[in-house]
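Note sheet for the following structure.
The values are calculated or read from the model by the stated rules, or taken from the named source; none is laboratory data. Since the model is a prediction, treat every value here as computed from it, not as a measurement. Virtual Cβ from ideal backbone geometry, glycine too; neighbours counted across all protein chains shown.
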Amino acid sequence: MRELTATAFANEPMTDFGLEENRTAFVEAIALVRSELGREYPLHIAGRAVHTPDQILSLNPAKSSEVVGKVSKASRELAEQAMNAALTAFESWKKVSVKERAACLMEAAALMRERKHYFSAWLVIESGKNWAEADADTAEAIDFMDYYAREMVKLAETNEHKPLVKLPGEDNQLTYIPLGVGIVIPPWNFPLAICAGMATASIVAGNTVILKPASTTPIIAYKFYELMVEAGMPADVIQYLPGSGAEIGDYLTSHPKTRFVSFTGSKEIGLRINRLAAEQAPGQIWMKRVVAEMGGKDGIVVDETADIAAAADAIVASAFGFQGQKCSAGSRAVVVAGVYDELVEKVKERTSKLVMGSPEENAAVGPVIDKSSFDKIMQAIETGKSEGRLLIGGNKGLDGGYFIEPTVFVDAGPDDYLMQEEIFGPVLAIAKAEDWQDAIRIYNHTEFGLTGAFFSADEDRIQTALQEMHCGNLYINRKCTGALVGVHPFGGFNMSGTDSKAGGHDYMLLFTQAKLTSRRTV
């Protein structure tokens with residue numbers, strides 16, 4: 001097992017697909033994953049494989065008739081077994097040293113780094129990401145494991161590096177101990193990175209978890225579970241438990257032995273989890289902790305001093321990267337009147353050049369995740385047609401999968417559906433502002449507060465934007481997507497969640513509790 005080194009954390013570099021050898025290696029990885037399609041995957045409870053007759057079908061969103069794999073589906077009875085197994089495992093795992101737990105994460109990061117294209121190829125086929133998006137997802141998973149391992153070791157050494165105030169006659173120590181059993185519910189849009197980040201932050205802190213992956217991307221989560229066991233994690237530290245949110249998600253959230261719930265997903269489900277977790281169940285002796293990363297209605301503000309070409313590049317990249325299926329996606333642009341027409345034309349030009357096609361062939365625009373999402377997005381587009389002016393797109397895309405054209409509406413009103421509701425698809429709304437201050441006001445006119453960007457060459461305006469634009473992650477003169485672990489701690493305000501700041505040193509505090517011990521020495 002690999003140990004922490006003295007070298008500082010560094011982000012995993014992205015693959016240069018301009019190099020022939022990298023393109024060839026990625027095509028080979030896709031072929032390898034294709035050879036594994038259609039297999040069956042069990043639950044894992046108490047370290048043992050559990051097969052059930054009821055299964056979840058994972059489908060390729062680019063070829064909706066193609067079964068990626070069949071995954072066993074948990075019942076409430078099996079969820080209770082998983083809880084009991086996690087409780088038992090916690091009693092031993094919490095006693096494992098922090099350095100040993102961290103070494104397990106470092107080993108897993110190293111193994112994933114060696115098989116980077118294999119994991120990315122699964123993302124291409126099961127979640128519909130193109131090569132660059134998949135590569136970034138895998139790199140972020142590696143970063144999370146590496147970073148959280150180091151941060152937990154630092155936290156365990158707090159007394160050495162950040163000593164308490166000395167009091168003569170006493171030896172005082174502050175230690176960070178684990179919470180207990182957590183329910184980890186990752187999303188389908190970053191089914192490797194966020195799954196790995198949420199789960200490994202929990203377990204390196206000494207907790208055990210029940211991992212309930214998204215039903216559209218359960219196989220990627222299974223591959224992650226296998227990797228952790230290979231890296232030296234005891235097989236019962238994570239209970240791999242796909243299943244229905246209504247059947248086992250609510251049950252586990254309300255369970256008296258659940259100590260915390262770590263969730264990434266929609267506002268509606270996040271609020272439901274928060275409500276269920278707030279109720280004390282019979283036999284429950286603690287307040288459950290909820291770590292929630294929810295939705296966003298993120299936007300880019302552009303004033304008349306900005307580099308308009310750079311702003312247009314950022315708007316299109318933020319809106320249509322991974323088909324707009326990111327909580328950080330820039331689904332709104334607010335542009336001052338003086339440069340509005342110019343910027344709209346540049347956005348139209350850039351959007352028209354986006355090529356739709358198979359993720360396996362590295363097309364810029366792929367499918368949305370499933371039929372439910374497809375139907376919801378198409379309905380949102382129909383609603384949009386009664387609000388703003390359709391500039392480009394608005395139709396279903398290629399046959400055989402869940403493809404939708406990149407769609408841009410202009411002349412949207414601040415209160416319009418397209419400016420207020422998270423659509424989670426390739427739909428961008430552009431609104432005109434009277435001036436840069438009005439633009440910031442329109443940007444803030446939402447219940448969300450996750451990411452935003454401000455394009456301007458005026459330093460005084462930038463300083464005002466830094467103070468006034470209300471979001472967890474604000475970027476100046478760059479796109480509003482693409483947070484890097486350790487560089488851009490990620491999390492939002494208001495209905496965007498609990499501002500967890502994933503990928504930052506504060507994140508580890510969410511999975512621990514501080515214990516002060518004081519001993520008289522005289």
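Hey, among Ala46, Ala31, Ala74, which residue is in contact (Cβ under 8 Å) with a residue 24 or more places away in the chain and out of contact with any strand residue (DSSP E or B) (no Cβ under 7 Å at 6 or more places or on another chain)?
After ruling out the rest, the residue left standing is Ala46.
Buried (at least 24 other Cβ atoms within 10 Å of the Cβ) and outside any loop (DSSP other than H, G, I, E, B), is that true of Leu466?
So Leu466 fails the test.
For Pro414, work out the one condition from (1) over 18 Å from Ile308 (Cβ atoms); (2) touching a residue at least 40 places away in the same chain (Cβ under 8 Å); (3) in a loop (DSSP other than H, G, I, E, B) it doesn't fulfil.
(2)
Please list, ordered by first then second residue, the pairs with beta carbon atoms under 9 Å, 6 or more apart or interchain, first in the range 164-176 and over 26 Å from Met152 (Cβ atoms), second of a type outside the set (S, T, N, Q) and modelled with pLDDT under 95.
Taking only residues 6 or more apart or on different chains, the pairs are Pro168/Val522; Gly169/Val522; Glu170/Val522.
All but one of (1) crowded, with 24+ Cβ neighbours inside 10 Å; (2) outside any helix (DSSP H, G or I); (3) free of Cβ contacts under 8 Å to residues at least 60 places away in the same chain hold for Ala221, so report the exception by its number.
(2)
What number of residues within the range 393-415 are among the hydrophobic types (A, V, I, L, M, F, W, C) and surrounded by fewer than 18 Cβ atoms within 10 Å (Cβ to Cβ)?
1
Out of (1) touching a helix residue (DSSP H, G or I) at 6+ places or on another chain (Cβ under 7 Å); (2) assigned to a helix (DSSP H, G or I); (3) charged (D, E, K, R); (4) more than 30 Å from Trp122 (Cα to Cα), the odd one out for Glu387 is which?
For Glu387, the failing item is (2).
Filter the range 102-113 down to residues that are closer than 21 Å to Glu133 by Cβ and either surrounded by fewer than 19 Cβ atoms within 10 Å (Cβ to Cβ) or aromatic (Phe, Trp, Tyr) (or both), then give me how many there are.
Qualifying residue count for the region: 1.
Sort through Ala277, Ala281, Ala246, Ala306 and tell me the only one that's modelled with pLDDT of 95 or more and out of contact with any helix residue (DSSP H, G or I) (no Cβ under 9 Å at 6 or more places or on another chain).
Ala281
Looking at Leu450, is it within 21 Å of Met198 (Cα to Cα), hydrophobic (A, V, I, L, M, F, W, C), in the same structural domain as Gly388 (by TED's automatic domain parsing) and crowded, with 18+ Cβ neighbours inside 10 Å?
When the stated conditions are applied, Leu450 passes them.
Filter the range 338-379 for residues that are in a loop (DSSP other than H, G, I, E, B) and of a type in the set (A, V, I, L, M, F, W, C); which is nearest to Glu126 (Cα to Cα)?
So, considering only residues that are in a loop (DSSP other than H, G, I, E, B) and of a type in the set (A, V, I, L, M, F, W, C), the one nearest to Glu126 (Cα to Cα) is Ile369.
For the condition surrounded by fewer than 19 Cβ atoms within 10 Å (Cβ to Cβ) and charged (D, E, K, R), what is the one hit in Glu126, Glu157, Glu133, Glu151?
Glu157
Residue by residue, here is whether (1) among the charged types (D, E, K, R); (2) in contact with a Gly (Cβ under 9 Å, 6 or more places away or on another chain) holds:
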position	(1), (2)
Gln323	no, yes
Val334	no, yes
Gly338	no, no
Glu342	yes, no
Pro359	no, yes
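This table checks each residue for (1) touching a Lys or Arg at 6+ places or on another chain (Cβ under 7 Å); (2) in the same structural domain as Ala134 (by TED's automatic domain parsing); (3) at negative phi.
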| residue | (1), (2), (3) |
| --- | --- |
| Ala278 | no, yes, yes |
| Gln284 | no, yes, yes |
| Asp307 | no, no, yes |
| Ile315 | no, no, yes |
| Tyr340 | yes, no, yes |
| Val347 | no, no, yes |
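Quick check on this structure: which one of Ile442, Ile423 is outside any loop (DSSP other than H, G, I, E, B), modelled with pLDDT of 95 or more and within 26 Å of Gln323 (Cβ to Cβ)?
After applying the criteria, what remains is Ile442.
Matching residues to (1) farther than 21 Å from Arg101 by Cβ; (2) out of contact with any Phe, Trp or Tyr (no Cβ under 6 Å at 6 or more places or on another chain); (3) touching a residue at least 12 places away in the same chain (Cβ under 8 Å):
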| site | (1), (2), (3) |
| --- | --- |
| Ala465 | yes, no, yes |
| Cys471 | yes, yes, yes |
| Ile476 | yes, no, yes |
| Pro489 | yes, yes, yes |
| Met495 | yes, no, yes |
| Asp506 | no, yes, yes |
| Leu509 | no, yes, yes |
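Could you run through the range 390-400 and say how many residues are without any contact (Cβ under 8 Å) to a residue 40 or more places away in the chain and in a loop (DSSP other than H, G, I, E, B)?
Counting residues in the range 390-400 that are without any contact (Cβ under 8 Å) to a residue 40 or more places away in the chain and in a loop (DSSP other than H, G, I, E, B) gives 3.
Could you pull out every one of the helices (runs of 4 or more DSSP H) wholly within the range 114-173 that has 1 or more residues that are touching a His at 6+ places or on another chain (Cβ under 9 Å) and either in the same structural domain as Ser58 (by TED's automatic domain parsing) or at pLDDT 95 or above (or both)?
Passing ranges, in order: 131-156.
Any residue that is in the same structural domain as Phe374 (by TED's automatic domain parsing) and surrounded by fewer than 16 Cβ atoms within 10 Å (Cβ to Cβ) - is there at least one of those in the range 416-427?
no
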